[in-house]
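Asker: The following block contains the structure, expressed as structure tokens.
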Amino acid sequence: MTPVDSETVKPPRVQECPVQMEAELVQAIPAMADDYDYTQHERAAECTLSGILCFEVRIKRVHIDPAILMPDNPNHVDPNAWRPLIMSFCRYYGLGTELVESELARIPEIQYRTPDIDRAEKELQRA
């Protein structure tokens, strides 16, 4: 990947990406921040999960390769010209079959398991 200077933010863009967005962080919002301490989970040593954050960002500038714009309406992306990379269940797809193997697909599934599953199982056993 080739870094390209951004115009409104410090992190660079990726030249090979046909759609690039420059954004700034507005706020980080804890999700599922109830009384359960996810960092103290019995599987914490196996899992990198230490809490879940949602990020609200403000898009400051959008860069789009002219090759994927509609010829008669240059403010719109031509859906027949853009073939985005889509991740589905840790695997990379275009608008058809799987394109390449994902490194994320090799991560042990236990790392995606949240403590909520264990909590739900305990609640079911009590019921």
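Asker: Does P74 count as modelled with pLDDT under 85, more than 22 Å from D118 (Cα to Cα) and either of a type outside the set (A, V, I, L, M) or more than 21 Å from the chain's Cα centre (by Cα) (or both)?
Answerer: Considered against the rule, which asks whether it is modelled with pLDDT under 85, more than 22 Å from D118 (Cα to Cα) and either of a type outside the set (A, V, I, L, M) or more than 21 Å from the chain's Cα centre (by Cα) (or both), P74 comes out as yes.
Asker: Separate question: Look through region 82-118, keep the residues that are of a type in the set (K, R) and open to solvent by 90 Å² or more (accessible area, probe 1.4 Å), and return whichever of them is modelled with the lowest pLDDT.
Answerer: Among those that are of a type in the set (K, R) and open to solvent by 90 Å² or more (accessible area, probe 1.4 Å), it is R106.
The values are calculated or read from the model by the stated rules, or taken from the named source; none is laboratory data. This one's a predicted model, so the numbers in the text were calculated from it and none came from an experiment. We work out accessible area using only protein heavy atoms, side chains counted, and drop any ligands, DNA or RNA first. Shrake-Rupley method; radii C 1.70, N 1.55, O 1.52, S 1.80 Å.
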